[in-house]
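Inspection log for the structure reproduced underneath, given as structure tokens.
The values are calculated or read from the model by the stated rules, or taken from the named source; none is laboratory data. What you are looking at is a predicted structure, and each value in this text was computed from that prediction instead of being measured. Cβ placement follows ideal geometry from the backbone for every residue including glycine, while neighbour counts extend to all protein chains displayed. For accessibility, only protein heavy atoms count, side chains too; no ligands or nucleic acids. Shrake-Rupley method; radii C 1.70, N 1.55, O 1.52, S 1.80 Å.
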Amino acid sequence: QNYLDNFWPDLKAAHELFDSILQARREREIESQENNGKEYPEHLPMELLEAGIKSGRYIQGTLNVNKHRAQLEAFVRLQGFGSKETG
């Protein structure tokens, strides 16, 4: 803010962009506080998820996302499956 005020006081577009970024950051901080510091709110209560995993309704694993095609390719690696261990 100081840089823009001191060196580019007449550059309206840069000041509007800065204000927009600042507002988005404030909104993210408020959302984070509302979600107890979590970036994303939980969709289901933890107790329900744990019960669903135990009953077999849900699965638990590690989400792997293709870094080159993140919007198109992802899969969940289940613990104990797909490892190189044999036995």
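Loop-only check: which GluC sites (Glu not before Pro) in the stretch 1-63 are DSSP coil with at most 10 other Cβ within 10 angstrom? Mind showing how you got there, number by number?
Working: sites: GLU16, GLU27, GLU29, GLU31, GLU34, GLU39, GLU42, GLU47, GLU50; in loops: GLU39, GLU42.
Answer in residue order: GLU39.
Taking the Cα centre of the stretch 3-78 as origin and charging only Cβ (+1 Lys, Arg; -1 Asp, Glu), how large is the dipole, in debye to the nearest 20? Please list the in-between numbers first.
Numbers: 10 positive and 13 negative charges, 116 e Å.
Computed charge dipole of the stretch 3-78: roughly 560 debye.
Go through PHE75, PHE18 and list them by solvent-accessible area, largest first, probe radius 1.4 Å. Working shown, then result.
Values: PHE75 110, PHE18 60 Å².
Ranked from most to least accessible, the order is PHE75, PHE18.
Roughly how much of LEU11 is accessible, in Å² to the nearest 10, using a 1.4 Å probe?
80 Å²
Please identify the trypsin sites (Lys or Arg not before Pro) of the stretch 1-60 that satisfy two criteria: DSSP loop assignment and at most 11 other Cβ atoms within 10 Å. Which are they? Mind showing how you got there, number by number?
On the way: sites: LYS12, ARG25, ARG26, ARG28, LYS38, LYS54, ARG57; in loops: LYS38, ARG57.
Qualifying residues, ordered by number: LYS38, ARG57.
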